[in-house]
Structure formats: structure tokens, C-alpha cells
1. Just to check I understand the Karplus step: with θ = phi - 60° and J = 6.51 cos²θ - 1.76 cosθ + 1.60, what whole-Hz values come out for the stretch 4-21, glycine and proline as x?
2. Please give the helix 60-76 orientation as an angle from the longest Cα principal axis of the chain, in degrees from 0 to 90, rounded to the nearest 10.
3. Test of understanding: in a Gaussian network model of the chain with alpha carbons linked when under 10 Å, which of Val62, Val86, Val104 would top the mean-square fluctuation ranking?
4. Out of the total accessible area of the stretch 1-99 (probe 1.4 Å, heavy atoms of protein only), what percent is carbon and sulfur?
5. Looking at the chain, identify the longest residue range that excludes and avoids all GluC sites (Glu not before Pro) in DSSP loops having at most 16 other Cβ atoms within 10 Å.
6. In square nanometres and to one decimal, what's the mean projected area of the convex hull around the Cα atoms of the chain?
7. Compute the accessible area per residue over the stretch 2-106, keeping the other protein chains in place, probe 1.4 Å, unit Å².
8. Where Lys and Arg each count +1 and Asp and Glu each count -1, what net charge lies around His98 among other residues with Cβ under 12 Å from its Cβ?
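The values are calculated or read from the model by the stated rules, or taken from the named source; none is laboratory data. This is a predicted model, so every value here is computed, not measured. Note that each Cβ is placed from the backbone with ideal geometry, even for glycine, and that neighbours are counted across all protein chains shown. Surface accessibility is based on the protein's heavy atoms, side chains included, excluding ligands, DNA and RNA. Shrake-Rupley method; radii C 1.70, N 1.55, O 1.52, S 1.80 Å.
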Amino acid sequence: MADESASCIFCKIARGEIPATIVAENEAAIAFRDLDAKAPVHVLVIPRKHVASLDHYPDPVVLGEVLLLAAEVARKDGLKDGYRVVINTGPDAGQTIHHLHAHVLGGRNMAWPPG
Ligand code: AMP
Ligand code: ZN
């Protein structure tokens with residue numbers, strides 16, 4: 001099987017090969033600002049280790065670390081009135097980068113249901 005991590009843009013960010021505005025990190029996960037922000041706060045949280053999506057059986061401990069780092073980012077960015085964490089999975093959800101990532105969106109009201 002090809003090593004997907006070699007060409008994966010988020011693996012490159014995790015390895016420090018391409019720049020990103022990193023806002024928080026721990027041993028398992030990294031959080032950085034989305035290049036094309038859809039809200040006043042828009043941060044992506046990724047596992048350091050490549051896994052293509054939520055449908056690719058991520059390590060449950062790592063997945064927990066991703067979600068807890070998302071909450072840490074929201075606290076750090078002062079989202080005390082709430083925020084949304086989104087994991088787009090597969091084409092119907094509009095997943096464009098095939099490295100699992102959680103969007104942390106906040107700083108404005110969020111519509112429900114999402115589009
Ligand atoms: P998704 O549509 O859920 O796969 O989201 C991918 C997200 O990655 C989009 O919101 C993009 O704006 C964002 N993105 C793509 N390339 C980069 C990058 N180099 N640095 C930061 N965010 C990126
Ligand atoms: Zn990757």
C-alpha cells in the first residue's frame with residue numbers, strides 16, 4: 001500500500017514541512033488556523049499520525065485527544081458562548097482533505113441544521 005502520509009498536506013504540516021499557524025499541540029494532535037476561515041475563529045485539529053477519515057478506524061485514544069484539544073483551543077480563543085466541532089467525513093459531507101480533522105468554529109451564531 002502506498003504511504004499516503006508522504007504526499008498528505010496535513011502530514012506535511014504535522015512534520016513542519018509546510019507552514020501553518022499552530023495554536024495548540026500535544027503528543028497526539030496539532031491545532032492550526034484554517035487558511036480559509038468560515039467564522040471569526042476557525043481552527044483545524046488533526047492527529048499527528050495519518051488516518052484518512054473518521055471512517056478509517058482512528059485510534060480511539062487519539063480521537064479523544066483530538067476532541068479534547070478542540071475544547072482547549074475553544075477555551076484559549078475565548079469562545080465562552082459556545083462553538084461547533086465538525087468532522088466532515090466522505091464526499092456527501094464535503095471532506096476535501098483526506099487526513100482526519102476536526103473543525104472548531106466559533107465567534108458567531110451557527111445555523112442549525114448545517115447546510
Ligand atoms: P474539509 O472540507 O472538511 O476537508 O476541510 C478542509 C479544510 O482545510 C478547509 O476548511 C480548508 O480551508 C483547509 N485547508 C486546506 N489547506 C490548508 C492549509 N495548508 N492550512 C490550513 N488550512 C487548510
Ligand atoms: Zn496525513
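1. In residue order, the calculated couplings are 4, 5, 4, 9, 6, 5, 6, 5, 5, 5, 4, 8, x, 7, 10, x, 7, 8 Hz.
2. Taking the Cα atoms of the chain, the angle to 60-76 is about 40 degrees.
3. Val86
4. Solvent-exposed carbon and sulfur of the stretch 1-99 make up 56 percent of the total.
5. 28-115
6. Reported value for the Cα convex hull: 7.4 nm².
7. 57
8. Around His98, the surrounding residues sum to -2.
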